[in-house]
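Only one structure is covered here, and it is reproduced in the block below.
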Amino acid sequence: MIYHILTSDEWEQAREQESYIPDTFTRDGFIHLCEAKQMEGVIRRYFTGQDRLVALCVAVESLRAPLRYENLLGGDE
């Protein structure tokens, strides 16, 4: 399982649509996902001060697009 974190407002808007495409997809060309062990760091880096967050659970085996793991922050993950 991998996860995509978004605000509850974004989730409510997504539920009204037939599909969900995050705003960052247009800019970055992919959907940001993380493993469970990375969620705390992702929330701390990108969602500080925000509450009412939602974590979408994504089954890796259900993906139709390639999944690519990258280390863009130069860390050890």
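The values are calculated or read from the model by the stated rules, or taken from the named source; none is laboratory data. These figures come from a predicted structure and were not determined experimentally. Please note: Cβ atoms are built from the backbone with ideal geometry, for glycine as well, and neighbour counts cover all protein chains shown. What goes into the accessible areas is simple: the full protein's heavy atoms, side chains included, and nothing from ligands, DNA or RNA. Shrake-Rupley method; radii C 1.70, N 1.55, O 1.52, S 1.80 Å.
Going through (1) modelled with pLDDT of 95 or more; (2) open to solvent by 70 Å² or more (accessible area, probe 1.4 Å); (3) among the small types (Gly, Ala, Ser) one by one, SER62 falls short only on (1). Listed by first and then second residue, the pairs with beta-carbon distance under 7 Å, at least 6 apart or on different chains, first residue in the range 55-77 and in contact (Cβ under 8 Å) with a residue 12 or more places away in the chain and farther than 14 Å from GLY29 by Cβ, second surrounded by 10 or more Cβ atoms within 10 Å (Cβ to Cβ) and not hydrophobic (A, V, I, L, M, F, W, C), are ALA55/TYR3; LEU56/TYR3; LEU56/HIS4; CYS57/TYR3; VAL58/TYR3; VAL58/HIS4; GLU77/GLN38.
Residues of the range 1-34 that are of a type in the set (Asp, Glu), over 19 Å from GLU70 (Cβ atoms) and surrounded by 10 or more Cβ atoms within 10 Å (Cβ to Cβ): ASP9, GLU10, GLU12. Restricting attention to the range 11-44 and to residues that are assigned to a loop (DSSP other than H, G, I, E, B) and aliphatic (A, V, I, L, M), the residue that is nearest to GLU77 (Cα to Cα) turns out to be LEU33. Among residues of the range 1-26 that are closer than 19 Å to GLU61 by Cα and at pLDDT below 95, those with a beta-carbon under 9 Å from a residue that is polar (S, T, N, Q) and open to solvent by 90 Å² or more (accessible area, probe 1.4 Å) at least six positions away or on a different chain give the pairs TYR20/GLN13. Checked against (1) in contact with a Leu (Cβ under 7 Å, 6 or more places away or on another chain); (2) assigned to a loop (DSSP other than H, G, I, E, B); (3) not basic (Lys, Arg), VAL54 passes all but a single condition, namely (2).
Checking each residue in the range 27-36 for being at pLDDT below 95 and either over 10 Å from the mean Cα position of the chain (by Cα) or among the aromatic types (Phe, Trp, Tyr) (or both) picks out ARG27, ASP28, GLY29, PHE30.
In the range 40-58, the condition of being open to solvent by 100 Å² or more (accessible area, probe 1.4 Å), modelled with pLDDT of 90 or more and within 12 Å of the chain's Cα centre (by Cα) is met by at least one residue. Just one residue in the set VAL54, VAL60 is β-branched (Val, Ile, Thr) and out of contact with any Phe, Trp or Tyr (no Cβ under 6 Å at 6 or more places or on another chain); that residue is VAL60.
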